[in-house]
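Only one structure is covered here, and it is reproduced in the block below.
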Amino acid sequence: MSQPQAWVPVDPRSRPSREQVLAGLRGTDAGGPELVQLLTPEGQRVSDPRFDGFVDDVDATALKSLYRDMVLVRRFDREANALQRQGQLGIWVPLLGQEAAQIGAGRAMRLGDMAFPSYREHGIAWCRGIDPTELLGIFRGTDHGSWDPLTTGFNLYTIVIGNQCLNAAGYAMGQRFEGKVGDSESAEATICFFGDGATSQGDVHEGFVWAAAYDAPVVFYCQNNQWAISVPLERQTRVPLYERARGYGFPGIRVDGNDVLACLAVSRWALEECRTGNGPVLVEAYTYRMDAHTTSDDPTRYRLADELELWKLKDPIERVRVNLVREHHVGGEFFDEVTAEGDELAARLREFCLAMPEPAPDRIFSEVYAEPSPLLEAQREEFLAHHTSFQTEEA
């Protein structure tokens with residue numbers, strides 16, 4: 001019997017070789033045997049007895065609505081990306097390729113549920129009724145988010161990696177303490193969104209521990225897009241991410257993150273598990289980031305074009321389009337209408353961005369604390385005096 005090979009640590013500063021990247025890609029090409037999939041990359045509807053019942057209501061009309069959501073979200077994402085390149089936004093965080101993972105989860109939520117995003121959840125924001133223009137201030141540097149989290153059920157974006165998992169666990173604990181779980185229609189749950197890179201942060205694991213200990217109704221929804229900026233998944237974990245849930249005592253499941261139907265079904269199941277008092281669930285949406293991590297990133301420096309081309313064949317929007325055409329006989333007029341609607345949305349986004357007013361200098365003081373304090377007022381006066389000193393009097 002051959003002896004097991006000794007584990008050799010990998011220098012995190014070294015760039016993965018072509019062989020490493022391709023080996024990882026081949027090993028995860030289908031997401032593994034546990035992957036939940038209801039719509040193949042070729043647009044074929046396949047059955048999964050565990051989850052078919054959660055999408056029984058998705059007829060041709062509902063599928064067209066999901067398609068529309070994904071197209072419009074991609075269109076305004078692409079427009080915002082272009083606006084950053086033209087100097088109108090300080091940075092943008094693309095979601096290209098992750099539309100199904102977000103629209104499926106977002107449409108699974110009820111009105112009383114609460115979502116805790118990171119900074120890439122533009123599709124979840126769309127599902128919660130946040131107009132795309134409201135996202136621009138964050139990336140233009142004029143505000144921290146203009147919507148009301150309690151009214152929309154969508155918390156403000158979280159820039160600190162993984163911190164939202166602690167916030168979500170605490171919020172879900174509150175839902176349980178207040179008796180908002182059970183079999184009633186008014187039962188609530190929380191869903192927390194983060195990426196594969198965040199699973200290497202302590203905040204995420206602390207959130208898992210607290211949620212498990214208090215049986216909190218929270219779905220931890222990991223969008224595994226394969227790359228934590230330039231670090232591939234294989235350097236972060238020895239096991240599939242969804243299997244980590246076992247160590248905390250709650251279920252984990254992997255879903256095809258490019259399959260909007262499967263993401264909707266699994267998210268509905270997971271949220272229902274939480275609402276009825278069964279505690280936390282970890283969902284790993286197995287997807288791919290087809291663009292840069294942010295507009296400050298250059299993905300060509302750390303990943304191969306072969307990898308991107310393979311994932312283009314699994315495009316989440318295209319597989320729904322093919323299914324609508326082949327199985328529901330949807331004609332070109334519908335797709336043309338959605339495309340035109342996307343162009344109108346992009347034009348409105350651009351017009352809004354270009355017309356955004358510059359905030360007053362004292363806004364950094366007026367919009368931080370609910371109530372002023374002597375120290376804050378003193379800082380404000382000192383800052384405004386310094387700011388005014390740079391202004392020259394008119395002749």
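Read-outs throughout are calculated quantities, based only on the coordinates presented, and are distinct from any laboratory measurement. Just so you know, these numbers come straight off a predicted model, no measurement behind them. FYI the Cβ positions are ideal-geometry reconstructions off the backbone, even for glycines, and counts take in every protein chain you see.
Numbers below:
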quantity: Cα centroid separation, segment 342-395 to segment 130-162 (Å); calculated: 17
quantity: Estimated [θ] at 222 nm from DSSP helical runs (n ≥ 4, -39500 (n - 2.57)) normalised by residues in the chain, nearest 500; calculated: -13000 deg cm²/dmol
quantity: Order of H122, H329 - criterion: other Cβ atoms within 10 Å of each residue's Cβ, fewest first; calculated: H329, H122
quantity: The chain, dipole about Cα centre (Lys/Arg Cβ +1, Asp/Glu Cβ -1), debye to the nearest 20; calculated: 1240
quantity: Shape call, segment 337-392: gyration tensor on alpha carbons, a/c limit 1.5; calculated: oblate
quantity: Sparse-neighbourhood loop sites, GluC sites (Glu not before Pro) in segment 157-236 - DSSP loop, at most 14 other Cβ within 10 angstrom; calculated: E178, E185
quantity: Listed peptides 258-271, 138-151 by packing density, highest first (mean Cβ within 10 Å); calculated: 258-271, 138-151
quantity: Kyte-Doolittle at least -1.0, axis length at least 24 Å by Cα - qualifying DSSP helices, the chain; calculated: 60-85, 332-354
quantity: Tensor-based shape of the chain (alpha-carbon gyration tensor, a/c under 1.5 rounded, otherwise prolate or oblate); calculated: rounded
quantity: Global geometry of segment 242-339, whether rounded, prolate or oblate, following the gyration tensor of its Cα atoms and the 1.5 cut on a/c; calculated: oblate
